[in-house]
Amino acid sequence: MAQKPSIPKGTRDFSPLEVQRRQYIMNIIKRHFELYGFMPIETPSFENSDTLMGKYGEEGDRLIFKILNSGEYLKKADANLLETGKENQLTSQISEKALRYDLTVPFARYVVQNQNDITFPFKRFQMQNVWRADRPQKGRFREFTQCDADVVGSDSLLQEVELIQLYDAVFTDLKLTGCTIKINNRKVLAGIAEVMDAEDKLIDFTVALDKLDKIGKDKVQEEMRSKGIDQEAIDVLDPVFSLSGSYADKIASMKDLLKESQIGLQGIEELEFINSFIDDTALKSAVLDLDITLARGLNYYTGCIFEVAAPDGVEMGSIGGGGRYDDLTGIFGLKNVSGVGISFGLDRIYLVIEQLGLFPDSVRAGVEVLFINFGVTEARYCAGLLSRFRESGIKTELYPDSAKMKKQMSYADRNEIPYVILAGEDEIASGKLNLKNMRTGEQSLLTVQEVIERLR
């Protein structure tokens, strides 16, 4: 008995309609990327392991898909490591490559390798798949598409302002009004760690704090204690846990908390600068919100960090995120090149638009009109018209066989083709076409040009 086919958990097949809808989203994102001056690049789906490992923190490293070396990879492995269960050391001996975890680190590698051919500041966008060995759940996949925009070679905060405006422009165009663009600054988090007297626990502190909206205050405090942060230091965080009010109100509260921290106050100044520009220009449909608990656990963020939440009423994780990294290229030998970037979560954006019923009716799979096949003579006549329709931008198909009318109409109905054209002996003799609307059943006898004009 043949084995029933399947695909790995966390991956998906996409139907024609799903592909069309994904392309609709990507085309809007791409158009705005280009309007803002970003240029496209592509990088390989897998990188050398040492390019990726150690760039995402301990949690991120565990989620990187490793690729086994080709051939008899175990023969080159140290048998003692296998017996003693030292997996980390063994992995490096049997795997030298890995699927990319995100697009940012490969981009940093690209910049360093091509630095002599790049004009800085360099603005690039990239829309490709990434892979994470995560636990699949709603809105979280092991293979998914990221749509990234980054600027390297500029430390101007005007770049952050533009990226916020870019988010707003894209979500407005997608009719996703009411998205919340959350912003914070890693310098503020470093300042909080400083006033907690827990600078050496910054990563542990930020990773735990980033989970506040998922596991709640008590669990976050419990995780911090498990990482060696004492309760007295955690109590300093009480103003952060209860922070509320407007952007300005939150800034005022944080200024008071961070008054003894130079780096913390620097982060506050950057957040004030960005908000002042956004106030001057006004966002179209999104809301900018200061969220001090936003941490984003990735090690390379050093300044402002972003995360986008879907409109109220939609249960979904973040649909976008990013931040400032002051020296990401430094890990590959190119020092003092600052960058900032954001990512659009295509798959989650798709689910949100689908849930809200916001896909336009025009975004559909398949052809717009089907020519019915009445036989060789009629088919030859219709075939001569196909190119004319297609050159007019109309997706057109001729049924390949002179099957029974019921079968051809059923084909059109099942494929949701909105129109069919009947060109039998009478229509050919009159030089006209019989256009049938499959939704209403209405039929119209029209000239070829009139049909084209109606469909176009």
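The values are calculated or read from the model by the stated rules, or taken from the named source; none is laboratory data. Because the structure is predicted, anything quoted here is derived from the model rather than measured. In this analysis, Cβ positions are derived from the backbone assuming ideal geometry, glycine residues included, and neighbour counts consider all displayed protein chains. We work out accessible area using only protein heavy atoms, side chains counted, and drop any ligands, DNA or RNA first. Shrake-Rupley method; radii C 1.70, N 1.55, O 1.52, S 1.80 Å.
Quick look at the values:
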item	result
Farthest toward positive dipole pole in segment 365-455 [+1 Lys/Arg, -1 Asp/Glu at C-beta], among GLY431, ALA412, ILE394	ALA412
Within segment 365-455, percent of DSSP bridges classed antiparallel, to nearest 5	60 percent
Where Rh is the Kirkwood radius over Cα pairs, Rg/Rh for segment 276-381	1.27
Separation of the THR177 and THR43 label points, Cα + 7 Å toward Cβ, nm	3.8 nm
Distance in nm between pseudo-label sites at ILE215 and GLN355 (7 Å out along the Cβ direction from Cα)	2.3 nm
Relative contact order (percent, whole number), the chain, Cα cutoff 8 Å, 6+ residue spacing	16 percent
Unsatisfied cross-links (Cα-Cα over 25 Å) in the set LYS123/LYS182; LYS138/LYS219; LYS138/LYS214; LYS214/LYS250; LYS66/LYS182	LYS66/LYS182
Of the DSSP H helices in the chain, those whose Cα atoms cover at least 24 Å axially and whose Kyte score averages -1.0 or more	16-35, 262-281
Expected 222 nm ellipticity per residue - DSSP helices of 4 or more, -39500 (n - 2.57), all of the chain, to 500	-12500 deg cm²/dmol
Distance histogram for segment 365-455 (every C-alpha pair counted, 5 angstrom bins, percent rounded to whole numbers)	3, 15, 28, 29, 20, 5, 0
Normalised contact order of segment 233-333, rounded percent, pairs of Cα under 8 Å and 6 or more residues apart	19 percent
Per residue, in Å², the accessible surface of segment 141-256 once ligands and nucleic acids are set aside, probe 1.4 Å	40 Å²
Relative contact order computed over segment 321-454 (Cα-Cα under 8 Å; 6+ residues apart), in percent	18 percent
Extension gain (nm, one decimal) between ARG439 and GLU96, 0.36 nm per residue minus Cα-Cα	117.8 nm
Gyration tensor verdict on segment 201-347 (Cα atoms; rounded if a/c is under 1.5, prolate if a/b is larger than b/c, oblate otherwise)	rounded
